[in-house]
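> Sharing a structure, written as C-alpha cells. Questions coming.
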Amino acid sequence: RAAAAYPCPAAVLAEVIKAFGAPENAQRMDEARDNACNDMGKMLQFLLPVATQIQQDVIKAYGFSNDGEGVLKFARLIKSYESQDPEIASMSGKLKAMFLPPMTLPPHGTGTSGVAAS
C-alpha cells in the first residue's frame, strides 16, 4: 500500500490512547509527571519526550516516520479532522489531557490585565 495513504485517523488515535493506558506507559508518564511537579517548563522537559515516544511507537506502524516529525504530522492530521468529526475531537481532547496539565489560573486571579511575573 502507498505510504502516503494513512489509515482512519480515529483508529490510530484510539491505538495511541490505548498505548497511554498500558501499565508500563502509564508508569512512565506518572514518573515524568512526578519529576515535573506541575511546573510547565519541567512538563515540557520530562513529560513531552515520554508522550512523544509513546505516540511514535504506535504511529510508525501506520506509515508515519518514527521521529518528532512523524508525531507532528500525526497531530496536524488529527487537528484537520477535529472540526468534521466529533469522535476525533473528543479523543484528541482525551489524548491531550493525558500529557498536558490542566490549565489552572493562579489563585490570586491575575486575569487578563497584562504582564505575568516570571
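Each value in this text was obtained by applying a stated rule to the coordinates, not by laboratory testing. Predicted, not measured: the structure shown is a model, and the values here were computed from it. Note that each Cβ is placed from the backbone with ideal geometry, even for glycine, and that neighbours are counted across all protein chains shown.
> What percent of all Cα-Cα pairs in region 9-99 falls in each 5 Å bin, counting up from 0?
P(r) over region 9-99, rounded to whole percents: 3, 14, 24, 24, 20, 11, 4, 0.
> Show me the ranking of peptides 30-38, 56-64, 91-99 by mean Cβ neighbours inside 10 Å, starting with the highest.
Ranking the peptides 30-38, 56-64, 91-99 by packing returns 56-64, 91-99, 30-38.
> A follow-up question, please. How high is the FRET efficiency between C37 and C8 when r is their beta carbon distance and R₀ equals 30 Å, given to the nearest 0.05?
Once the sixth-power term is evaluated, E becomes 0.20.
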